[in-house]
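Beneath this line is the structure, given in structure tokens, with notes to follow.
Bear in mind these aren't lab numbers, they're just calculated from the coordinates by the rules spelled out. Keep in mind the model is a prediction, meaning the values are calculated, not measured. Counting neighbours? That spans all protein chains shown, and the Cβs are built from the backbone with ideal geometry, glycine included.
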Amino acid sequence: MYPSFVKPATRTRLAQALLLASLASPGVAAQFVEGHPDDGLAATVSRTEPNLIRVDGRRIRRIHGVEGEFAVSADRESGIAYLKPTTEQPRLTVFVADDAGRHWKLLLQVADVPAETLVLRERGRPAAAGRALVADDPRHAAIRRVLLALARDTTPEDMSASERLEIVPLWNESRFVLVRTLEGALRGEKYQLTNVSATRMVLDEREFHRRGVLAVMIDALELDPGEATQVMIVLEAPDA
């Protein structure tokens with residue numbers, strides 16, 4: 001969160017790098033979106049769950065689009081990203097920039113379906129050798145499962161839940177309350193963040209980094225004065 005009056009030095013302290021694990025749904029086939037970067041490539045994404053996007057053989061550098069229509073978190077180490085719509089619009093247009101300097105134009109249909117995995121591949125180019133789908137990684141699947149359990153207020157069979165109501169110091173312009181935790185092989189934390197300032201607040205998942213953080217998901221990235229949002233954080237278990 002950095003309102004317009006926050007100094008650059010303060011922004012730097014708040015916006016630390018996030019070690020965000022990629023999220024994918026195990027057992028769900030990926031959508032292979034084939035074409036050329038200049039084409040408009042069509043795909044379907046979930047309205048309510050994080051959707052994983054990767055470029056076959058390349059790393060994603062950035063995802064562009066209309067501000068406020070979607071939230072994006074990226075794993076810089078693996079070069080993948082996940083996208084979650086934040087609007088009721090039935091369609092989104094986004095541009096995915098990769099490390100080869102290409103910009104993929106995606107025409108996304110937003111539907112009430114489970115999380116999708118999109119693999120962008122240039123038509124006529126062989127698939128990258130030796131790279132298994134991220135969806136097959138059990139660790140990524142476990143992280144995503146905890147995130148979704150936090151978002152839905154459910155409890156996985158192998159985890160224990162605790163309802164909390166603890167105010168956590170964050171910023172003077174916000175009220176940050178821990179409302180629920182999940183304990184197991186990973187730890188999940190759910191917070192309610194309220195904008196108590198007189199100005200609009202813009203959030204970034206990277207601001208919630210601390211040691212051990214694996215993934216962050218925020219329901220709304222922009223808050224008017226008095227508005228609140230949910231913040232879900234997945235961490236390494238304390239005894240890991």
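For a quick check: with amide H placed at 1.01 Å from N, whose amide H comes under 5 Å from ALA42's, ignoring anything fewer than 5 positions away on the same chain?
The answer is LEU107.
From the square roots a ≥ b ≥ c of the eigenvalues of the alpha-carbon gyration tensor of the stretch 139-232, which class results: rounded (a/c under 1.5), prolate (a/b over b/c), or oblate?
Note, shape of the stretch 139-232 comes out prolate.
If neighbour count is taken as other Cβ atoms inside 10 Å, put ASP112, ASP153 in order from fewest to most.
By the 10 Å Cβ count, ascending: ASP112, ASP153.
Just order 140-152, 99-111, 68-80 by mean Cβ neighbour count inside 10 Å, highest at the front, would you?
Packing order, densest peptide first, comes out as 140-152, 68-80, 99-111.
Compare the peptides 211-222, 85-96 by average per-residue count of other Cβ atoms within 10 angstrom and give them in order, highest first.
Ranked by mean Cβ neighbours within 10 Å, highest first: 211-222, 85-96.
Could you give the dipole magnitude of the stretch 31-123 about its Cα centre, charging the beta-carbon of Lys and Arg +1 and that of Asp and Glu -1, in debye to the nearest 20?
200 debye
Find how many whole Å separate the alpha carbon centroid of the stretch 33-60 from the alpha carbon centroid of the stretch 172-217.
Between the Cα centres of the stretch 172-217 and the stretch 33-60 lies a distance of 28 Å.
Provide the convex hull volume over Cα atoms per residue for the stretch 31-123, in Å³.
In the stretch 31-123, the Cα hull volume divided by residue count equals 81 Å³.
Based on the mean of other Cβ atoms within 10 Å per residue, sort peptides 160-173, 184-197 so the most packed one is first.
184-197, 160-173
Would you mind ranking PHE32, PHE176, PHE208 by Cβ crowding within 10 Å, fewest neighbours first?
PHE32, PHE176, PHE208
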